[in-house]
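A.B. asks: Pasting in a structure now, in structure tokens, and then I'll have a few things to ask.
The values are calculated or read from the model by the stated rules, or taken from the named source; none is laboratory data. All values derive from a computational prediction rather than experimental measurement. With ideal geometry, Cβ positions are generated from the backbone for all residues, glycine too; neighbour counts draw on all protein chains shown. Only protein heavy atoms, including side chains, enter the accessible area calculation; ligands, DNA and RNA are left aside. Shrake-Rupley method; radii C 1.70, N 1.55, O 1.52, S 1.80 Å.
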Amino acid sequence: MGYLSQKKHQARENIIFLTAAAIVILLTAGSFANPGFCFGFFNLFHLFCLSGLLFLYALWRRKYKFILFFALAWLINYTTLSSAVNIFLSDEFNGKRQLKLEFAPGQELAALFKQEDIAASGSLIIAGKYTASYVVVGRDEPLTIIQVEFVKIPDNKYPLIFKHLSDFILRQDTPVIVFGEFGIPAWNRSFKQFLDISGLSVKNRLLFTQNSPYNIFSVPGFYVLGFREMGVNDISVGQKDGKRIVRILVSFNPEQP
């Protein structure tokens, strides 16, 4: 490649890097101010991946100023993301008890347990037509388990849904586990406020359950929420009776945190 051709190539490459940097800085600033932003399928997780890929590309091309810039953007996005969810690994816990849970669309929560183990069960009506099912299992050391299936719910309904759900959780005198399809990512502002109020936290790794467990362009909306002395030791996505099913193994100490 001749000298002039090299200069033109470098100029085009610099324009590409500058354009990418401008886009990333705008999106990173936006995500820092509002982590729940979404542009089509593009959300904070994809921004985290994009800034990481651009950092690696700048490293390969030896663009030292851009290496520093994209590394900083990746770090900011990683910090924002990891403050709400576990990205790659679930929070494991070596507790006194273990419990197997399963989630499939439309399933009955009570069907997962033996009748003699259920102390109470019912359905919560939250924000009008939306519901969540619950069971209290165990007689000596009871545990409240809530299953949610929030799909195709308008964003403006979530604050009220989470308010009613947190009110129910705070009324319980037992430890609470909430699991299921929330329909929005855990870094959504309403979701984060719900976690702060309820005292629960996300225990599972980032999981994609829509269409395919490997479809990273879907919204990661499946979560297992639990108390301090509780963790997810195993979680996987499979098939059962033609439906997508999530299998979960939780471990916990039964004492109230």
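A.B. asks: Restricting attention to region 39-50, does a residue exist that is of a type in the set (Gly, Ala, Ser), under 27 Å from residue 187 (Cα atoms) and at pLDDT below 90?
C.D. replies: yes
A.B. asks: With the requirement that a residue be under 13 Å from residue 195 (Cβ atoms) and crowded, with 23+ Cβ neighbours inside 10 Å, what does region 216-231 give you?
C.D. replies: Answer for region 216-231, where residues must be under 13 Å from residue 195 (Cβ atoms) and crowded, with 23+ Cβ neighbours inside 10 Å: 223, 224, 225, 226.
A.B. asks: Among what's in region 77-110 and is over 18 Å from residue 232 (Cα atoms) and among the hydroxyl-bearing types (Ser, Thr, Tyr), pick the residue that is surrounded by the most Cβ atoms within 10 Å (Cβ to Cβ).
C.D. replies: The qualifying residue surrounded by the most Cβ atoms within 10 Å (Cβ to Cβ) is 80.
A.B. asks: Is it true that residue 114 is without any contact (Cβ under 8 Å) to a residue 40 or more places away in the chain and within 28 Å of residue 42 (Cα to Cα)?
C.D. replies: no
A.B. asks: Here are the criteria: (1) open to solvent by 30 Å² or more (accessible area, probe 1.4 Å); (2) in contact (Cβ under 8 Å) with a residue 12 or more places away in the chain; (3) closer than 30 Å to residue 217 by Cβ. Tell me which single one residue 131 does not satisfy.
C.D. replies: Failed condition: (2).
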